[in-house]
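The values are calculated or read from the model by the stated rules, or taken from the named source; none is laboratory data. In this text, all values refer to a predicted model and were calculated from it rather than measured experimentally. Note that each Cβ is placed from the backbone with ideal geometry, even for glycine, and that neighbours are counted across all protein chains shown.
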Amino acid sequence: MDMLARTSEILARLVAFPTVSADSNLELIAYAADLLSDAGATLSLSRDASGAKANLFATLGPAGDGGIVLSGHTDVVPADASEWTSDPYTLAERGDRLYGRGTCDMKGFIAACLAMAPRFAETRLARPLHLALTYDEEIGCFGARALVGEIARAGIRPAVAIIGEPTGMGVIEGHKGCYEYTTEFTGLEGHGSQPDKGVNAVEYATRYVSRLLDLGERLKARAPAGSRFDPPWTTVQVGRMSGGTARNVIAGACSVEWEMRPVQPEDAAFVKTDLGDYVDRVLLPAMRAVSPASGIVTHVVGEVEGLQVVDESEARDIVCALTGCDHADVVPFGTEAGLFQSAGISSIICGPGSIAQAHKPDEFIAIGQLAACLEMLDKLRSRLAG
Ligand SMILES: [Zn+2]
């Protein structure tokens, strides 16, 4: 069977596992583990705290440091079947496209890697080739965060990570981070006629938001010279705020859901330090002077590191050589690449399909994109041949 037919066959199996982020991915991982162990890979599986999800880290070729990681997340966003032309979890070929949830984001890439595994296995590789399959990318990259920690603890130091998110096989060398928070304000309820006897959580939340917006303005002046992002600076945004019960009742609770998209890690530290100082020195003392039980607590929903553009990048050099791309771009969406980079692994994003089809009804991947991905992987195989 040719590689492309084998890739679609594997993709059909992968799409049939409904690995929505909220649900288990264990059956998909077991299927991939079987294919990889048949190819002779060394496998390492690790589950999350619930036991319902797992990461799979497979190695072909020699053990040790300096390997190349091919990374893909196994989870998909939910699909509403009534909005689809055909069942989202049954791969359907129409024209030159394969339809199904996850085909482009990003089971197509995983299928191509699994199809190629036996080829990599029969090649005498000069460096290790790793395949990293992770969970929970769509809801905060929790799987990749755990996996990066696990491989470091296992003493494995790969040199390069290629994240196969859909880029139309273009080369992406940078994206902003995506940090999400919920800040909860607890005050003291009371009668609206005597505001000084209560602690109004809505009013304190408003002061907090106002400080955040001031920081948003100050961040504009911190945009790094030559930033290629749009907008070029780190942004903050308040998406939801809710609190209080009625016009004439002092609000006892309020919560603020906000996000920050850092172009550089220092900006995130700048915002957190400033807000932390403002809370500790100004807001909390004023609240606790009236009610010692008052509080402000920030929950981290997710902190997905940005992918920093760097001058020297082995990952970019390799992928540009493999694909013939003469330039690399930056994108506005977040991926697992920043996590690998922050672990000291040169990281790049390049994968089949278009982000325009991701997270939508009738998600598809063009068969030509899978062919281009297989070609890249086969060139990688030749490059790694000892
Ligand atoms: Zn994705």
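Just one of the listed residues (Ile10, Ile68) is out of contact with any strand residue (DSSP E or B) (no Cβ under 6 Å at 6 or more places or on another chain) and either assigned by TED's automatic domain parsing to the domain that holds Leu374 or among the basic types (Lys, Arg) (or both), and it is Ile10. Contact map, region 126-148: first residue farther than 27 Å from Leu384 by Cα, second residue of a type in the set (S, T, N, Q) and surrounded by fewer than 24 Cβ atoms within 10 Å (Cβ to Cβ), Cβ cut-off under 7 Å, separation 6 or more or different chains; pairs are Asp136/Ser21; Glu138/Ser21; Ile139/Ser21; Ala146/Ser46. When the residues of region 136-188 are filtered to those that are within 16 Å of the ligand (Cβ to nearest atom) and charged (D, E, K, R), the one that is surrounded by the most Cβ atoms within 10 Å (Cβ to Cβ) is Lys176.
Evaluated against (1) modelled with pLDDT of 95 or more; (2) away from the ligand (no atom under 16 Å from the Cβ), Pro231 falls short on exactly one condition, (1). Number of residues in region 273-310 that are surrounded by 15 or more Cβ atoms within 10 Å (Cβ to Cβ) and among the charged types (D, E, K, R) equals 3. Only one entry in Tyr89, Tyr31 is hydroxyl-bearing (Ser, Thr, Tyr) and more than 30 Å from Arg124 (Cα to Cα), namely Tyr89.
All of (1) assigned by TED's automatic domain parsing to the domain that holds Leu374; (2) touching a Leu at 6+ places or on another chain (Cβ under 9 Å) hold for Gly252 with one exception: (1).
Using the structure shown, decide if Phe364 is modelled with pLDDT of 95 or more and closer than 10 Å to Ile163 by Cβ. Taking the combined requirement at face value, the residue does not satisfy it.
Leu147 meets the conditions (1) in the same structural domain as Leu380 (by TED's automatic domain parsing); (2) farther than 19 Å from Ser44 by Cα; (3) not in a loop (DSSP other than H, G, I, E, B) in every case but one. The failed one is (2).
For Thr273, the conditions (1) closer than 17 Å to Ile296 by Cβ; (2) touching a residue at least 12 places away in the same chain (Cβ under 8 Å) are fulfilled apart from (2). Of the candidates Ile349, Ile355, the single residue that is modelled with pLDDT of 95 or more and among the aliphatic types (A, V, I, L, M) is Ile349.
Anything in region 92-133 that is crowded, with 24+ Cβ neighbours inside 10 Å, of a type in the set (D, E, K, R) and either within 18 Å of Tyr31 (Cβ to Cβ) or away from the ligand (no atom under 16 Å from the Cβ) (or both)? List them, or say none. Within region 92-133, Arg101, Lys107 qualify. Please work out which residue is nearest to the ligand (Cβ to nearest atom), limiting yourself to region 336-359 and to residues that are in contact (Cβ under 8 Å) with a residue 12 or more places away in the chain and out of contact with any Ser or Thr (no Cβ under 9 Å at 6 or more places or on another chain). Filtering region 336-359 for residues that are in contact (Cβ under 8 Å) with a residue 12 or more places away in the chain and out of contact with any Ser or Thr (no Cβ under 9 Å at 6 or more places or on another chain), the one nearest to the ligand (Cβ to nearest atom) comes out as Ala358.
For Pro158, indicate whether it is outside the structural domain of Leu322 (by TED's automatic domain parsing) and touching a residue at least 40 places away in the same chain (Cβ under 8 Å). Criteria not met by Pro158. What about Leu43, is it farther than 19 Å from Pro361 by Cβ, surrounded by fewer than 16 Cβ atoms within 10 Å (Cβ to Cβ), at pLDDT 95 or above and in contact with a strand residue (DSSP E or B) (Cβ under 8 Å, 6 or more places away or on another chain)? For Leu43, the condition - farther than 19 Å from Pro361 by Cβ, surrounded by fewer than 16 Cβ atoms within 10 Å (Cβ to Cβ), at pLDDT 95 or above and in contact with a strand residue (DSSP E or B) (Cβ under 8 Å, 6 or more places away or on another chain) - is met. Among residues of region 73-96 that are farther than 20 Å from Ala112 by Cα, those with a beta-carbon under 9 Å from a residue that is among the hydroxyl-bearing types (Ser, Thr, Tyr) and within 14 Å of the ligand (Cβ to nearest atom) at least six positions away or on a different chain give the pairs Val77/Ser21; Pro78/Ser21.
Yes or no, residue by residue, for (1) in a helix (DSSP H, G or I); (2) within 16 Å of the ligand (Cβ to nearest atom); (3) over 16 Å from Glu180 (Cα atoms):
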| position | (1), (2), (3) |
| --- | --- |
| Val263 | no, no, no |
| Tyr278 | yes, no, yes |
| Arg288 | yes, no, yes |
| Phe333 | no, yes, no |
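When region 86-109 is filtered for residues that are of a type outside the set (D, E, K, R) and either within 12 Å of Glu165 (Cα to Cα) or out of contact with any strand residue (DSSP E or B) (no Cβ under 7 Å at 6 or more places or on another chain) (or both), the ones remaining, listed by number, are Pro88, Tyr89, Thr90, Gly95, Gly102, Thr103, Cys104, Met106, Gly108, Phe109. Looking across region 316-331, the residues that are in a helix (DSSP H, G or I) and not acidic (Asp, Glu) come down to Arg316, Ile318, Val319, Cys320, Ala321, Leu322, Thr323.
Restricting attention to region 14-40, the residues being at positive phi and among the acidic types (Asp, Glu) number 0.
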